Amino acid sequence: MRHLDPTILVVVLGAAALSFAQPHMPGWVVYLLQIAIAASLPALGCMILLRSGLLSFGQGLYYFIGAYGVALVHAHLGISDAFLGILAGAAASILVAGLVGFFIARYRGIFFAMLTLAISMVVYGMAVKMDLFGRSDGLNVPRLSYLGFTPSRAWAQTSLFVFCVWVWAVFGIATHLYLRSRFGKLLTAIEDNETRVEYLGWSVRHAVHINTIVAAVLGSAGGALAAASARYADPSLAYWTTSGEFVFIVLIAGQANVLAPLFGSVFLETLRTYAAAFFPDEWQLVLGAVMLAIILFLPKGLGHLFALAGRALRPRRATAAPIEEDRT
Amino acid sequence: MNLALIILVDGISYAGWLFLVGIGLTLVFGVLRLVNIAHGGFYAIGAYVAAYAIGAAASYGLGAGPQLLLAFAGAVVVGGLIGFLVERTVLVRLYDHPEVLVLFATYALFLILEDVTKLVWGGASLYAFQPRNAFGTVAIGSLSYPVYDVATVVIAVLVALGTWFVLNRTRTGRCVTAVVHDREMSAAMGVNVSAIMTGTFVVGSMLGALAGAVTAPKIAVSPGIGVEVIVLAFAVVVIGGLGSIGGAVVGALVVGLARAFATHLFPDLAVFAVYAVMAVVLAIRPYGLFARPVARKI
C-alpha cells in the first residue's frame, strides 16, 4: 500500500478541524478566514504559473469572473445554488482563459505579466460601464443554498464557512495532485529551460496554455467564495491591484506547497485587518513596507523561515556540513 | 476635414504627454532591466509638488511663467532626490534577484510612495489651473487650442531631443549605451556601472516627476492618479519596444492618435483603444516595434 501523502492528510484534517471549530470562533475570525481562503485560490493559480516562471498580474480577471458567476446566475436565472454558481464561473473562465491563452502563451517574463494585466484592465474598463455588471456599484449576491438545501439565517454563516473550507480542500488537493503529476513536473522544467523541454518532445506553448486554464479555474473558484462571503461582486475585483495582492501572497509564502498560498493569504488578511485598524489611512504604506522587508530579507518567502529554523535546530554533525547552494 | 484636424491635433497633444510619461520608464528598463512600477509614484509626487509650488508661487504674486518654472524645477528636484534614495537603499540590493522579485519590490515602493503623498498633502484634490488658463489659446487652422497643451508637445520634443543628444553625443551617454548592451563588458572596460545605474534611475525618476508636473495644471491632482499612468506608460513603451527611446516616440504617437481617433469617432471604445493597439502590435511583433528578440539559451 502506498503511504498517505502528508499534504493531503493535513488538508483533510485541517478542513475537518476548522469545520467543527467554526461555532467556537468569533465572527471576525470566521470572516477573515473566509476572505483569506477565497483570496488564496487565485494566489494558488499564481503559484502554479510561477512554477513555470510566469508572473501573472491578471489573476483578478478570473476572480472577477468567478464572483460574477455567482452574482449573474442569481440575477438572471434566479439560481442561488453555491455549486452551480461556482460551476458557472469555472465554465466561463475556462472559456475566457482558453481564448486568452492562445494569445498569451507565447509570452514570457515581463511581457506575460503586463499582457495579463492589460487584459484584466480591459475587462475592468468594460465592466464599470456595463449595466450587466452593475457598473461601478457591482451586484448583490444572495444568501446561497446548497444542492436544494437552504440553511436558516442562523446557520447561513456556518454553512458558508464549511462550504468555503471544503471547496478549498477539494481544489487544494486537486492542485497538489496536479503539481505532483508528470505534467506538474514539466512546469518546473519549463522554468529551468524551455528549449530542453521541447527537445524532450513536449510543447511548451500547450503546457503554458493548459496551466493558464487551470490557474483560471482556481481563480474563479476563489472569486465565487469571495462574492458569497462579501455578499456582493464589483468590477474592482478585476483591477490590477487585486491581482497584485495574489502575487504578493505567493511572494510572502513561497511556492513550496499548495498550503503556502493559504498561509500567505491568512498572513496578508491579518496584516490588512490590523493595519487598517491602527493606520486607517496608511495601510497601503504598512503593506508596502512589509512587502519590501520580506523581499529584501527573506526573498524565498516566509516559508523559508521554517527551513532556517529547522537548520538551526538540527544537531550539528561532526564533519563540516556542505554549504547549501544559494541560487538567486 | 475639420474632424480630421481635431483628431490630429488632439492625438499629437496626447502623444506628447504619453511620451513624457513613458520616457523615464523605458530609460530605466533599458539600463537597469527592471520595469519600474514605482514610476507612477514619481509621477504623482511630481504632480503634487507642482500643484503645491504653483499655489505657493501664486500667493507670492508671481506670474504664470515663474509659477510653472518653480513647479517644474521643484518636481524634478524632489523626484530626483527620492529616486536617489530609493535606488541607493532598496534597488541596489536587488539587482541580482530574479526580475519577478524586483518587479514586486517596485510595486511595494509604489504603494509606499502613494501613501506618503497622501500623508503629506492629504486626501483632498489640489487644483492648479491658473497657469494653463493664463496662457490662453492659439489658433491652429480653424481650431482654438490651449497654448499650454501645445507647449506640452514642445516640452516632449525637447526632452526627446535632449535624451537623444545625451545618449549619442556625450561620453556619459556612450557609457550608458555600453551598459545597456553588456554590463560586465562595460565594467571590464572601466565604466563605473553602478554609478551609471544610479544616475539613470535618478534621471528616470526626474522624468517621471516632470511628467507629473507638466500634467498638474491640466487635472485635479488627487490620490490615485499614479495608478492609471503606470499602465498607460507601460502600454506606450511596450508598443515601441522596452528600452528603446525611438520606440517610445513611435509608441506615443501610435497610442495618442489611436486614442484621439477612438475618442472622436467611437467614444465608447476610447478605453480599449490603447490596449487594442498594444495587443495588435504584440501579436505581430512580440517584443514591440523596435526591440530585438532575446536569443533562447539551451
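Taking the alpha-carbon centroid of each part, what is the distance from the range B:172-237 to the range B:81-146 in angstrom?
12 Å
What ranking do B:219-227, A:260-268 get when scored by the average of other Cβ atoms within 10 Å per residue, highest first? Don't jump to the answer; show the numbers that get you there.
Details: B:219-227: 18.6, A:260-268: 23.9.
Listed from highest to lowest mean packing, they are A:260-268, B:219-227.
Quick query: amide H of B:Phe290 versus all other amide H atoms, modeled in the peptide plane; which residues come in under 5 Å with a sequence gap of 5 or more or a different chain?
Residues meeting the amide H criterion: B:Gly241.
Report the extension gain between A:Leu99 and A:Arg143 in nm, rounded to one decimal, defined as 0.36 nm multiplied by the number of residues separating them, less their alpha carbon distance.
On the way: separation 44, 0.36 × 44 = 15.84 nm, distance 3.22 nm.
Using 0.36 nm per residue and subtracting the Cα-Cα distance, I get 12.6 nm.
Show log10 I(q)/I(0) for the range B:199-280 at q = 0.17 Å⁻¹, two decimals, from a solvent-free Debye sum over equal Cα scatterers.
Here the Debye-derived log intensity ratios amount to -0.80.
Once you have all Cα-Cα distances for the range A:134-197, histogram them in 5 Å bins from zero and send the whole-percent values.
Bin by bin from 0 Å, the calculated values are 4, 13, 13, 12, 11, 11, 10, 10, 9, 5, 2, 0.
Using every Cα-Cα pair within the range B:2-284, state what percent have a distance larger than 36 Å. If you can, show how the numbers build up before the last one.
Values: 5588 of 39903 pairs.
Cα-Cα pairs of the range B:2-284 separated by over 36 Å account for 14 percent.
Over the range A:218-311, what percent of the accessible surface lies on carbon and sulfur atoms, probe 1.4 Å? All intermediate terms of the calculation are to be shown ahead of the outcome.
Working: 2480 of 3520 Å².
Roughly 70 percent of what the probe reaches on the range A:218-311 is carbon or sulfur.
Given a cut-off of under 8 Å on Cα pairs at least six residues apart, what relative contact order in percent is computed for the range B:2-284?
40 percent
Dividing the alpha-carbon radius of gyration of the range B:59-106 by 2.2 N^0.38 Å (N being the number of residues), what value is obtained?
Scaled against compact globular proteins, the figure is 1.79.
Can you compute the charge dipole magnitude of the range B:2-284 about its Cα centre, using +1 on each Lys and Arg Cβ and -1 on each Asp and Glu Cβ, nothing else charged? Give it in debye, rounded to the nearest 20. Spell out each step's value before the answer.
Working: 11 positive and 11 negative charges, 96 e Å.
Its charge dipole is roughly 460 debye.
How long is the gain from A:His3 to A:Ser203 if the chain were fully straight, where each residue apart is worth 0.36 nm and the alpha carbon distance is subtracted? Please list the in-between numbers first.
Working: separation 200, 0.36 × 200 = 72.00 nm, distance 3.29 nm.
That pair, A:His3 and A:Ser203, stretches by 68.7 nm at full extension.
How large is the direction-averaged shadow of the alpha-carbon convex hull of the range A:1-51, in nm²? Before the final figure, lay out each step's value.
Details: hull surface 19.9 nm².
Its Cα hull, projected and averaged over all orientations, spans 5.0 nm².
Between the range A:18-53 and the range A:231-274, how many Å separate their Cα centres?
Cα centres, the range A:18-53 to the range A:231-274: 9 Å.
Provide the descending list of Cα extents for the range A:176-285 along its principal axes, expressed in whole angstroms.
Extents along the principal axes: 55, 25, 24 Å.
Please quote Rg/Rh for the range B:64-212 to two decimal places, taking the Kirkwood radius as Rh and restricting both calculations to Cα atoms.
Result for the range B:64-212 is an Rg/Rh of 1.05.
What is the pair-distance distribution P(r) of the range A:25-137, computed from all Cα-Cα distances in 10 Å bins starting at 0, with each bin given as a whole percent?
Calculated over all Cα pairs of the range A:25-137, the distribution is 13, 38, 35, 13, 1 percent.
Let's see if you can work this out: charge +1 on each Lys and Arg Cβ, -1 on each Asp and Glu Cβ, no other charges. What is the dipole magnitude of the range B:125-253 about its Cα centre, in debye to the nearest 20?
I would put it at about 240 debye.
I need the calculated FRET efficiency for the pair B:Arg285 and A:Ala21, taking r as the beta carbon distance and R₀ as 60 Å, to the nearest 0.05. Could you put the intermediate results ahead of the total?
Working: r = 55 Å, r/R0 = 0.92.
Once the sixth-power term is evaluated, E becomes 0.60.
Given the C-alpha atoms of the range B:2-103, compute the convex hull and give its volume per residue in Å³.
Values: hull volume 12.9 nm³, N = 102.
Cα-based convex hull of the range B:2-103, divided per residue, equals 127 Å³.
Given a Förster distance of 22 Å, report the FRET efficiency between B:Ser142 and B:His264 from their Cβ-Cβ distance, rounded to the nearest 0.05.
Working: r = 15 Å, r/R0 = 0.70.
About 0.90, to the nearest 0.05.
Bin width 20 Å, alpha-carbon pairs only: give the P(r) of the protein assembly as shown as whole percents, running from 0 to the bin holding the largest distance.
The distribution over the protein assembly as shown is 18, 51, 27, 4, 0, given as percents.
What three numbers, in Å, describe the spread of the alpha carbons of chain A along their principal axes, ordered from the longest?
Answer, in whole Å and largest first: 68, 52, 47 Å.
Given the rule -39500 (n - 2.57) for each run of at least 4 DSSP H residues, summed and divided by the residues of chain B, what is its mean residue ellipticity at 222 nm, to the nearest 500 deg cm²/dmol?
Details: 12 runs with 221 residues, N = 298.
That calculation yields -25000 deg cm²/dmol at 222 nm.
Testing the spin-label approximation: label points 7 Å from Cα along Cα→Cβ at A:Tyr232 and B:Val120. State their distance in nm.
The two pseudo-label positions are separated by 3.4 nm.
How much length is gained if the chain between B:Lys218 and B:Thr172 is pulled fully straight, taking 0.36 nm per residue apart and subtracting their Cα-Cα distance, in nm to one decimal? Please list the in-between numbers first.
Values: separation 46, 0.36 × 46 = 16.56 nm, distance 3.47 nm.
The span from B:Lys218 to B:Thr172 would gain 13.1 nm if fully extended.
The values are calculated or read from the model by the stated rules, or taken from the named source; none is laboratory data. Model, not experiment: these values are computed from the prediction. With ideal geometry, Cβ positions are generated from the backbone for all residues, glycine too; neighbour counts draw on all protein chains shown. Please note that ligands, DNA and RNA were not included when accessible areas were found on the heavy atoms of the full protein model with its side chains. Shrake-Rupley method; radii C 1.70, N 1.55, O 1.52, S 1.80 Å.
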